[in-house]
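One structure below.
The values are calculated or read from the model by the stated rules, or taken from the named source; none is laboratory data. Here the structure is a predicted model, which is why all the values come from computation and not from measurement. Glycine gets a Cβ as well: all are built from the backbone with ideal geometry, and neighbour counts include every protein chain shown.
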């Protein structure tokens, strides 16, 4: 256990040094670009991406690029971006942090990409509250993987949130419970200014900054990427 704690501290320490010279806005823009790359790469996998039906049904899409996943007690922590459907298309992205949770029996520290698909109004409302716990406030389940979700599955009924992970090139549904999700106030302030909330952003009251275009384009074009991968 002590070795795991030391390993996580070392990784986070290196990350802190890498970010020390960057402004909060630059860090946030970099996160948007990395989230866009993660989603594009996942949807471009020919047979093991997120099913088209899941993306079509999604109320919100959240991506945490390179989340630090710890061991038995450490849990995990990372920072991500999310967008929700509005009457005028996908909203500007909101910035959030996620930490803790049950990831099963894991040893050591490993960076993973996490994707969460919020698939109904109840799950979306939890995201809009700016602070909730996966599994307690919003139910979660490992999402189906493949080009199409089988008509015989009940993925629409099982959970408010479908979760996925990619580690070392392997993409799969992820059973994640107990993780706390809350607003990343520093990034929100850096990009949108003071007094702008996640609810303002995700309900379409705030225009998307130019730095968000790559991420929003990846969300809008997810289905097209999936179709292209099959050709």
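With respect to residue 114, is the statement that it is closer than 15 Å to residue 163 by Cβ, at pLDDT 75 or above and surrounded by 16 or more Cβ atoms within 10 Å (Cβ to Cβ) true?
yes
Restricting the search to region 185-196, which residues are assigned to a loop (DSSP other than H, G, I, E, B) and out of contact with any helix residue (DSSP H, G or I) (no Cβ under 8 Å at 6 or more places or on another chain)?
193, 194, 195
Being modelled with pLDDT of 85 or more and within 18 Å of residue 118 (Cα to Cα) is the filter here; which residues of region 152-199 pass it?
Answer for region 152-199, where residues must be modelled with pLDDT of 85 or more and within 18 Å of residue 118 (Cα to Cα): 160, 161, 162, 163, 164, 180, 181, 182, 183, 198, 199.
Among the residues that make up region 134-141, is at least one of them under 22 Å from residue 79 (Cβ atoms), at pLDDT below 90 and in contact with a helix residue (DSSP H, G or I) (Cβ under 6 Å, 6 or more places away or on another chain)?
There is at least one residue in region 134-141 that is under 22 Å from residue 79 (Cβ atoms), at pLDDT below 90 and in contact with a helix residue (DSSP H, G or I) (Cβ under 6 Å, 6 or more places away or on another chain).
Return only the number of the condition from (1) within 17 Å of residue 47 (Cα to Cα); (2) at pLDDT below 80 that residue 145 does not satisfy.
(2)
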